[in-house]
Each structure stands twice: as C-alpha cells, then as structure tokens.
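Notes follow the structure.
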Amino acid sequence: MEYRRLGSTGLKVSALSYGAWVTFGRQVGRSEARELIALAYDHGVNFFDNAETYNAGDAERLMGDVIADLRLPRDAYTVSSKVFFGAVKDPKPTQRGLSRKHVFDACHQALDRLRVDYLDLYFCHRADPDTPILETVLAMDTLVRQGKVMYWGTSEWAASEIEEAHRLAREHHLIAPSMEQPQYNLLHRERFEQEYAALYERYGMGTTIWSPLASGLLTGKYNDGIPDNSRMGHADYAWLRESLLGNDGARLETVRSLAPIAADLGIPLARLSLAWCLKNPNVSTVILGASRTSQLEENLKALDAARLLDDAVMGRIEAALSR
Ligand code: NDP
C-alpha cells in the first residue's frame with residue numbers, strides 16, 4: 001500500500017480506501033462486511049468512509065460493529081462520517097443540514113453508531129444554503145477542539161464556498177477545512193481538475209475522491225445491458241441508473257473506447273480506471289466501493305497498475321475521452 005498525506009495535514013491515508021455508501025446494510029450483510037473490512041485492512045487500507053445518511057445510519061452501525069469485532073487498533077485506522085442529509089427517513093427540520101445543532105447531534109450519533117470516541121474525518125456532505133457558513137465553521141472548530149473530530153472538510157461544495165470557509169476561519173481564528181470529498185473518475189473530471197485547481201496549493205486541500213468507477217460503469221460491465229445482481233440492476237437505485245447511463249448512450253460509448261487501452265496493457269478496465277485516478281497528485285485517497293471480496297481484491301491491484309500509465313498511455317486515454 002502507498003500512503004499519502006491528506007493535503008497539508010500530517011495525516012497519512014492509504015491511497016486506496018474503502019467506503020460503505022449504498023452497499024453496507026443493503027447489498028452487504030454482516031458477514032460480508034466483516035470479510036470486506038478485514039481484507040481491506042490486511043492490504044493496508046487505513047481509511048473507511050461512511051456518512052449519517054448511508055442506509056439511514058445502518059451503514060455506520062454495521063461498520064462500527066465489524067471494526068469492533070475485528071478489534072482493529074484504534075490508532076491504526078481512520079474512519080469518517082458526514083453530516084447534512086440526516087440519518088432518518090423524512091427528517092424533521094432540525095435533523096438535517098449544517099446548523100450547529102445538527103452538526104453536533106449528527107457527530108454524537110455517528111460516534112455512537114461507529115463505536116468510536118472521535119471521528120478522524122468529518123465532512124459537511126453538501127453545502128447548506130440555509131445556514132451561514134460561519135455557523136458551520138464554528139461548530140466544526142468546537143468539535144475539533146473538544147477532541148471529537150480530528151479533521152473536518154466538505155463534500156461537493158463549490159470552490160467559492162470552500163474559499164469562504166477558509167476566509168472566515170482565518171478572520172475568526174478558527175480551524176479551517178482540511179479536505180474535500182468530490183466525485184472524480186474518467187467520466188467526471190471538471191470540478192476536481194478545473195473548479196478546484198487553485199485550492200490545492202492555496203489551502204493545502206486534501207481530497208478523498210468518490211465513485212472512482214462511476215458506480216461500476218467504468219468496469220465495462222454495463223456495456224451490453226444491466227447484469228443481475230449489480231448496483232444499477234437494483235430496484236432501489238433507479239434514480240442512479242438514470243443519472244449514470246443518461247439517455248444518449250454517450251457515456252457507454254466512452255467506456256467502450258477505453259477498453260482497448262486496458263486490453264493492450266493486459267489489465268481489466270476497472271484497474272485502468274482506478275489507476276488513472278491514482279495518477280493525479282491532488283488525489284489523497286481513492287475511495288473504493290465493492291459489494292463483494294472478489295471486486296475488492298481486483299481493485300486493490302490498481303496501485304501496481306498506476307506504474308503502467310506512462311505519458312503515452314495517458315495520452316491515449318485523453319484522446320479516447322475527447323472523441
Ligand atoms: P465505485 O464507483 O467504485 O462503485 C463501486 C461499485 O461498482 C461496487 O459496489 C460494485 O457494485 C461495482 N464494482 C466495483 N468494483 C468492481 C469490479 N472490479 N468489477 C465489477 N463491479 C465492480 O465507488 P462508489 O460509488 O461505491 O463510491 C465509493 C465510496 O465513495 C462510497 O462507498 C462512499 O463511501 C463514497 N461516496 C461519497 C459520496 C459523497 O457524496 N461524498 C457519494 C457517493 C459515494 P455492484 O457489485 O453492486 O454492481
């Protein structure tokens with residue numbers, strides 16, 4: 001495993017990490033979750049990603065239960081939560097958003113569900129137009145000073161909102177956000193590469209990137225239809241299917257055009273896609289998703305594959321993406 005600094009912080013996170021989003025508590029039960037976390041940890045993964053909203057808190061409960069059962073040493077792994085969407089169906093007004101109240105309540109609930117004394121990373125899962133940014137920065141600052149959170153950050157905030165959080169933190173002598181969690185993959189690059197371009201250097205912003213395989217699209221498994229037992233075949237994820245596949249077939253066309261590059265390197269497309277994310281020096285960690293151990297075993301090979309992506313290969317990938 002390779003370890004990278006989370007931006008300009010002193011925290012070293014594994015370049016490949018593992019997240020629980022739609023899998024834990026739905027596609028993945030307790031015994032599978034235990035195997036997946038054990039496999040990841042044994043391969044050097046030291047960051048496990050979660051959020052209050054994932055399966056309405058069940059993903060955190062399951063992860064906390066499994067990590068406790070595996071007796072992972074608390075000082076050898078990092079775990080996150082995210083606040084914004086709430087942890088219950090139909091949340092009441094105080095049960096979601098980034099008000100001081102919900103940020104505090106959600107933190108305490110996540111600590112309880114994950115069975116830890118502190119969160120290593122705590123993200124504002126989206127920006128909240130109904131809460132002044134200063135209120136949220138103050139709440140996060142307090143949690144860090146109380147020792148309940150080590151590093152706080154944002155997820156899918158506009159660059160201007162991240163800049164504002166830094167400006168307010170500087171002005172009021174508060175602890176500024178350390179990291180952002182954006183989507184980044186071969187099919188979704190603009191925000192990470194362009195909108196955020198100035199922020200990496202200016203604020204030492206680290207990144208924990210999500211959906212590196214665009215929910216599996218970048219494995220090529222959807223090229224000829226939707227396989228049974230796959231995320232997009234799941235009845236609950238129709239909304240995801242529509243947003244991922246679109247209706248003009250253009251994204252699948254791009255995926256197909258990448259396949260020969262992976263074939264020439266003798267690696268699966270999933271590995272190429274993950275290796276491409278790892279090549280970007282502004283990526284601190286690529287959060288893998290996997291619904292079974294065979295996928296995780298495959299995806300953990302991406303670090304070795306990154307070495308195969310020289311300038312010529314990267315050029316071929318660019319050409320395929322801009323067709
Ligand atoms: P990916 O884009 O890598 O998608 C993972 C899914 O793709 C798996 O669950 C599996 O789905 C399929 N898959 C993965 N590897 C393979 C393989 N080798 N062969 C075939 N199929 C494969 O990541 P996620 O979308 O899961 O995102 C990763 C993490 O990022 C999440 O768990 C979460 O922690 C975080 N996240 C954060 C968000 C945010 O807003 N901050 C939003 C979304 C995710 P299946 O088997 O079901 O087809």
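With respect to Ser230, is the statement that it is open to solvent by less than 60 Å² (accessible area, probe 1.4 Å), within 16 Å of the ligand (Cβ to nearest atom) and not aliphatic (A, V, I, L, M) true?
Against the criterion (open to solvent by less than 60 Å² (accessible area, probe 1.4 Å), within 16 Å of the ligand (Cβ to nearest atom) and not aliphatic (A, V, I, L, M)), Ser230 qualifies.
Is it the case that segment 56-67 has a residue that's open to solvent by less than 10 Å² (accessible area, probe 1.4 Å), under 24 Å from Thr136 (Cα atoms) and not polar (S, T, N, Q)?
yes
When you scan segment 15-27, how many residues do you find that are open to solvent by less than 60 Å² (accessible area, probe 1.4 Å), closer than 14 Å to Asp58 by Cβ and touching a helix residue (DSSP H, G or I) at 6+ places or on another chain (Cβ under 7 Å)?
4
Could you please find all residues in segment 179-194 being under 18 Å from the mean Cα position of the chain (by Cα) and open to solvent by 20 Å² or more (accessible area, probe 1.4 Å)?
The answer is Gln183, Leu187, His188, Arg189, Glu190, Arg191, Glu193.
Residues of segment 198-215 being open to solvent by less than 50 Å² (accessible area, probe 1.4 Å), in contact (Cβ under 8 Å) with a residue 60 or more places away in the chain and within 13 Å of the ligand (Cβ to nearest atom), which ones?
Thr207, Thr208, Ile209, Ser211, Pro212, Leu213, Ser215
Looking for something within 8 Å of the ligand (Cβ to nearest atom), surrounded by 15 or more Cβ atoms within 10 Å (Cβ to Cβ), free of Cβ contacts under 8 Å to residues at least 40 places away in the same chain and within 23 Å of Ser80 (Cβ to Cβ) - is there at least one such residue anywhere in segment 279-297?
yes
Can you tell me which of (1) free of Cβ contacts under 8 Å to residues at least 40 places away in the same chain; (2) more than 14 Å from the ligand (Cβ to nearest atom); (3) surrounded by 13 or more Cβ atoms within 10 Å (Cβ to Cβ) is the one Asn247 doesn't meet?
All conditions are met except number (3).
If a residue has to be surrounded by 12 or more Cβ atoms within 10 Å (Cβ to Cβ) and over 21 Å from the mean Cα position of the chain (by Cα) to count, how many in segment 235-244 make the cut?
0
Among (1) buried (at least 22 other Cβ atoms within 10 Å of the Cβ); (2) over 22 Å from Thr9 (Cβ atoms); (3) in contact with a Ser or Thr (Cβ under 7 Å, 6 or more places away or on another chain), where does Glu135 come up short?
With (1) buried (at least 22 other Cβ atoms within 10 Å of the Cβ); (2) over 22 Å from Thr9 (Cβ atoms); (3) in contact with a Ser or Thr (Cβ under 7 Å, 6 or more places away or on another chain) applied to Glu135, the lone miss is (1).
Please tell me if Arg115 is surrounded by fewer than 23 Cβ atoms within 10 Å (Cβ to Cβ) and either modelled with pLDDT under 95 or farther than 29 Å from Tyr196 by Cα (or both).
In short, yes.
The values are calculated or read from the model by the stated rules, or taken from the named source; none is laboratory data. Just so we're clear, the structure is a prediction, and the values are computed from it rather than from any experiment. So basically every Cβ, Gly included, is an ideal-geometry build from the backbone, and we count neighbours across all protein chains shown. Just so you know, the surface numbers come from the protein's heavy atoms only, side chains and all, with ligands and any DNA or RNA stripped out. Shrake-Rupley method; radii C 1.70, N 1.55, O 1.52, S 1.80 Å.
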